[in-house]
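A short write-up of the structure that comes next.
The values are calculated or read from the model by the stated rules, or taken from the named source; none is laboratory data. Quick caveat: nothing in here was measured; it's all calculated off a predicted structure. Neighbour counts run over all protein chains shown; Cβ positions are idealised from the backbone, glycine included. For accessibility, only protein heavy atoms count, side chains too; no ligands or nucleic acids. Shrake-Rupley method; radii C 1.70, N 1.55, O 1.52, S 1.80 Å.
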Amino acid sequence: MKTEELLFDLVISSPGVLRVPNVPEEFKAFKGPIVHTGAWDSSVTWQDKIVAVIGSGSSAIQLISELASKAKELHSYQRKPAWVVPRRQFKFPKFIQNLFAFVPLVMLLYRWFIFMDREFFYPVFLHATRLSRLATWFSKRHTKKQIPNDDKLREDLTPDYRLGCKRIIVSNKYFPAMQLSNVKLHRDPIIQVKPHSLVSTNGEQNVEVLILGTGFRVQDFFAPMEVIGKNDVLKAWKTFKPISYLGITTSVSPNLFFLLGPNTVLST
């Protein structure tokens with residue numbers, strides 16, 4: 001890999017956050033096809049294969065929803081399940097489209113409605129508010145409605161942490177996919193990765209295709225670059241804790257500026 005060293009008086013970091021896939025070292029022992037959701041390889045075939053999906057975030061859940069009906073077997077390995085709410089999916093009728101196109105301010109009013117609708121949900125993420133309890137009940141109701149007859153699976157797919165602590169998933173397809181006969185949920189930890197199988201505390205499972213929904217290197221703010229100013233910024237942040245002024249600059253390197261600094265990005 002070609003490397004290059006450049007010197008600047010000022011550096012503005014704006015490469016984004018969800019860009020460098022996080023591939024845990026232990027999974028590199030797998031010798032079959034391995035794909036990360038953030039670096040999809042379309043040449044890998046998974047139809048009629050034994051597929052393992054690692055993770056329970058939004059990418060993993062979207063994949064499970066689509067792959068389950070086509071894979072020979074699909075094994076979902078999850079440490080923590082996600083809170084899931086139904087998708088409000090609808091198509092605007094023609095007369096509404098005409099209102100947007102030809103009646104002044106209608107589009108702007110709808111935009112304001114969307115803004116206020118999102119603002120209204122802010123208390124969902126506060127502890128012990130009525131709206132947070134209502135949202136939790138709403139998500140559990142969705143789970144109960146989509147998994148009416150399997151109490152064990154419903155329990156395993158219900159989080160034991162407060163709604164809002166991790167990204168909330170919006171899906172109408174995930175729970176039906178998890179109930180297919182060729183899909184199996186694994187909540188037990190993976191203790192070893194072999195060339196063609198995964199070993200958990202509950203046994204060994206042969207795998208032909210491994211899909212990683214293991215997130216991104218969000219804590220490596222500048223990866224794959226290394227930024228060094230007055231000090232090594234990333235090393236200082238990892239040694240102590242990431243501190244910035246308004247999420248824009250830091251005393252560790254006062255001539256470094258960033259658009260998405262520490263503690264500025266939401267994940268809900």
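One table, with the values for the structure above:
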read-out	value
Residue in region 2-22 that is closer than 30 Å to Leu198 by Cα, of a type in the set (Ser, Thr, Tyr) and part of a loop (DSSP other than H, G, I, E, B) present	no
Single residue of region 40-76 satisfying the filter (in contact with a Pro (Cβ under 9 Å, 6 or more places away or on another chain) and buried (at least 21 other Cβ atoms within 10 Å of the Cβ)) that is nearest to Phe138 (Cα to Cα)	Ser56
Region 212-229, residues that are outside any loop (DSSP other than H, G, I, E, B) and in contact with a Lys or Arg (Cβ under 7 Å, 6 or more places away or on another chain)	Phe216
Selection count, region 223-243, where residues are out of contact with any strand residue (DSSP E or B) (no Cβ under 6 Å at 6 or more places or on another chain) and open to solvent by less than 40 Å² (accessible area, probe 1.4 Å)	5
Some residue of region 61-71 being over 20 Å from Ile147 (Cα atoms) and more than 20 Å from the chain's Cα centre (by Cα)	yes
Subset of region 230-248 (residues that are closer than 17 Å to Leu10 by Cα, at pLDDT 75 or above and assigned to a loop (DSSP other than H, G, I, E, B))	Ser244, Gly247, Ile248
Residues (open to solvent by 30 Å² or more (accessible area, probe 1.4 Å) and of a type in the set (A, V, I, L, M)) located in region 4-39	Leu6, Leu7, Leu10, Val11, Ile12, Val17, Leu18, Val23, Ala29, Ile34, Ala39
Selection count where residues are more than 27 Å from Cys165 (Cβ to Cβ) and either at pLDDT below 90 or in a loop (DSSP other than H, G, I, E, B) (or both), scope region 40-59	10
